[in-house]
1. Would you confirm, using the coordinates I've provided, whether A:Leu70 is of a type in the set (A, V, I, L, M), closer than 13 Å to A:Asp15 by Cα, more than 10 Å from every other protein chain (Cβ to nearest Cβ) and under 15 Å from the mean Cα position of the chain (by Cα)?
2. Before we move on, is A:Thr91 more than 16 Å from the chain's Cα centre (by Cα) and assigned to a helix (DSSP H, G or I)?
3. Which condition number does A:Lys41 fail, the rest of (1) touching a Phe, Trp or Tyr at 6+ places or on another chain (Cβ under 8 Å); (2) charged (D, E, K, R); (3) more than 30 Å from B:Arg7 (Cα to Cα) being met?
4. Conditions: (1) in a helix (DSSP H, G or I); (2) under 12 Å from the mean Cα position of the chain (by Cα); (3) surrounded by 13 or more Cβ atoms within 10 Å (Cβ to Cβ); (4) at pLDDT 85 or above. B:Glu36 meets all but one. Number of the miss?
5. Which condition breaks for A:Lys127 when tested against (1) modelled with pLDDT of 95 or more; (2) over 28 Å from A:Thr55 (Cβ atoms); (3) facing chain B (nearest Cβ under 8 Å)?
6. If A:Gly53 meets every condition in (1) within 14 Å of chain B (Cβ to nearest Cβ); (2) without any contact (Cβ under 8 Å) to a residue 40 or more places away in the chain; (3) on the phi > 0 side of the Ramachandran plot apart from one, which number is that one?
7. Would you point out the residue of segment B:1-33, among those that are surrounded by fewer than 21 Cβ atoms within 10 Å (Cβ to Cβ) and in contact with a Cys (Cβ under 9 Å, 6 or more places away or on another chain), that is farthest from A:His10 (Cα to Cα)?
8. All but one of (1) in contact (Cβ under 8 Å) with a residue 60 or more places away in the chain; (2) surrounded by fewer than 18 Cβ atoms within 10 Å (Cβ to Cβ); (3) β-branched (Val, Ile, Thr) hold for A:Thr91; state the number of the condition that does not hold.
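The values are calculated or read from the model by the stated rules, or taken from the named source; none is laboratory data. Predicted model, so just to flag it, every value in this text is computed and none were measured. Cβ atoms come from the backbone with ideal geometry, glycine included; neighbour counts cover every protein chain shown.
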Amino acid sequence: MSHFSTIKTHLKEKDQLIEALNNLGYPINQEQKFVKGYRGKFTAVDLSMNLPGETKVGFKWDNNSNAYELVTDLDLWKFDIPVERFLSKVTQMYAYQTIISKTKEDGYQIVEQKNQNDGSIELVMTKWDN
Amino acid sequence: MPQKTLRFKIHQDGRVEETVMGFTGNSCDEATKNLEDALGKVTVKKKTSDAFISNQIENLKKLKNESNVTF
């Protein structure tokens, strides 16, 4: 059988999130465990980064949503793209990394990869059945 | 030896459209379960046309076996 699914991506796995951030050129800061979040309150995070313009951003595991959530002080946001755009870029790259690594584990090979004009990434993977 | 194909469109907002082809029975659900779990939440899922066709073939085979008729 075949199926067609639409999936809303959540940042669920730490390894793929780190890979996505590195791929986008946002290196993780291993030392920093706290980031100024909502109303300037310091919040413990699982991952943190210094974005250009001294913008500090972290990701913290949230048990309610069962995913990593962004922590940042919006008053101090000086990065050249808006925070929503930053988060969608990270989410798109996370989805890409997750697809690549999970399908590789299952023995699939990439046969096609295209960056479309609408900003989406198209991927085709195949595997021959044994 | 059928070829199994996974096709993805990853939108700018991270939404993923996935098309899974070339599987027999319900194995297509199994094939992408781990991936779907790691990605997030499936919001829409439908069987595609060739799933419908293979279902039809299975139904025909079943009918044939049950009715014990030789064609």
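1. So A:Leu70 does not fit the description; no.
2. No; evaluated as a whole, the condition is false for this residue.
3. (1)
4. Among (1) in a helix (DSSP H, G or I); (2) under 12 Å from the mean Cα position of the chain (by Cα); (3) surrounded by 13 or more Cβ atoms within 10 Å (Cβ to Cβ); (4) at pLDDT 85 or above, the lone unmet condition for B:Glu36 is (2).
5. For A:Lys127, the exception is condition (1).
6. (1)
7. B:Gly22
8. (2)
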